[in-house]
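Just so it is clear, none of the values below were taken in a lab; they were calculated from the coordinates. Being a predicted model, the structure only gives us computed values, none of them experimental. Here the Cβ is made from the backbone with ideal geometry for all residues, glycine too, and neighbour counts use every protein chain on show.
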Amino acid sequence: MKTVRYAIAILVVVISSLKSRAENTECRFAEWGHVTQDELRMTECAFEKKADAMLLLDLGEVHYRRASEDFTASGYFRINTAYYQRYKIFAQSGAHHTDKKILISTGSTQERLKNIYAVCYNLVNGEIKKSILQEADIHRTQLSDGTEQVSFAVPGVVAGSVVEIAYEREEFVTYHLPRWYFTQDIPSAKSSITVGYLDAMIYYVEQHLVGDTLEIHKEPFTSTIMIAPRGSYIQQALTGVRQTYTAYNVESYQDEPFINSSRNYRSWISFQLAMFQQPLPYDKNLVSSFDKLSEQLYTSERFVDGLEVHPIPRKEWMAMLNDNMSKEVLAKTIYEYIRANVTDNGNTGFAPQNSNTKVWKDRTGSQTEINMLLISELRASGIEAYPILVSSRYQGNVNQDYPILNNYEAVDALVMIDGKMR
């Protein structure tokens, strides 16, 4: 009899464990678990009738976390972004939308994907049946140095299903909080992002809306981050405003070949740090104007190195150039020489990470690093050359009123010969 009792007790523990994972008391979203029979009986999206699936809810929350004893020491801030999605599947062709492949950076940014939960709900003989994502269904694959793919497929998804997915992402940020896209590849009945702005950190908020309007709600909050104001030893909690941006009945958008950036066709909102206020004891000059951006670039160690250090040996230089060359031929010769000897490693960003000397030694660098090397060698030959920030259609339209750093992906070389740009 005791053996039977123990078996029953163990079974109860297992069932309780599965139940807690399905109902997920750790999920920060109050919407979790409240799937209705009306949602399960839905047969189409009211505002996009041909859709094979839709998002009933697409929610996000961004908040700062204290990463160390000195919150502002490195200029990096750890944030936690929580995601919650509730899908309705109308046809079997839409089932793949609940399959997830999420990339995270496990290198210097030390990202983590945690608290992953998913449940599929089906209506069977008038009753709601659940299929629960298990830990064994979550796969983590190291793709390259510092990049990991977290993937999972929610079990039991068929035409008619409602699926809930929730997870959290921890990461370090500097200037930017994660951009939020209201537009997805399937329609969304409600898409909403909540940002826990700290009063001590002012953000420039950029909105790009395509036929949508945002409902904005604000409420004050007190964070768990304790800071001692300048000149004081007494720590105080940072306060802030929790601001929610919501769009309703957002139609889907499908990428098409040969278009410019899909960001120009989707509704989104982004956040860039503009300034600090008390009690943060922080004197860093932030980019809040194009003059500030130029000043910061031209005084940075790597940028100065890229303009002034000429690593190509003079012996190679003399074999490549001669005094009879016109400036135009001279510039083309230097360009072709660097192009033939240095390869693009595929890295992006307009801030060079390596010196000219290292780029030449390794014979590889990012687009920015190669162009900084080119500029330095052109200047050494007496040709006017300047770094210019460049974007592409994939970065979306450039904000001409405020320097949004995400708009720019690299540095190119601007060459002036006889007063004309080359």
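Using +1 at the C-beta of Lys and Arg and -1 at the C-beta of Asp and Glu, which of 227, 264, 241 has the Cα lying farthest in the positive direction of the dipole of segment 209-268? Value: 227.
Using Cα pairs under 8 angstrom and six or more residues apart, how large is the relative contact order of segment 290-421, in percent? Relative contact order, segment 290-421: 26 percent.
Extending 7 Å from the Cα toward the beta-carbon at both residue 38 and residue 249 defines two label points whose distance is 1.6 nm. Label positions at residue 418 and residue 325, each projected 7 Å from the Cα along the C-beta direction, are separated by 1.8 nm.
Per-residue ellipticity at 222 nm computed for the chain from its helices equals -6500 deg cm²/dmol, with DSSP H segments shorter than 4 residues left out and the rest contributing -39,500 (n - 2.57).
Quote the convex hull volume per residue of segment 290-421, based on C-alpha atoms, as a whole number of Å³.
Values: hull volume 15.2 nm³, N = 132.
Spread over its residues, the Cα hull of segment 290-421 gives 115 Å³ apiece.
Extent along the principal axes, Cα only, for segment 28-276: 67, 42, 39 Å, with the longest axis given first. With a simple spin-label model that places each label point 7 Å from the Cα along the Cα-to-Cβ direction, the separation between residue 46 and residue 301 comes to 6.0 nm. With the largest listed first and rounded to whole Å, the semi-axes of the equivalent ellipsoid of the chain from the Cα gyration tensor are 49, 26, 23. Summing Cβ point charges (Lys, Arg +1; Asp, Glu -1) relative to the Cα centre of the chain gives a dipole of roughly 920 debye.
The alpha carbon centroids of segment 307-356 and segment 200-239 are separated by 46 Å.
Given R0 = 41 Å, the distance between the Cβ atoms of residue 128 and residue 343 translates into a calculated FRET efficiency of 0.10. Packing order of peptides 385-394, 159-168, 244-253, 309-318, highest average first: 159-168, 244-253, 385-394, 309-318 (average count of other Cβ atoms within 10 Å over each peptide's residues).
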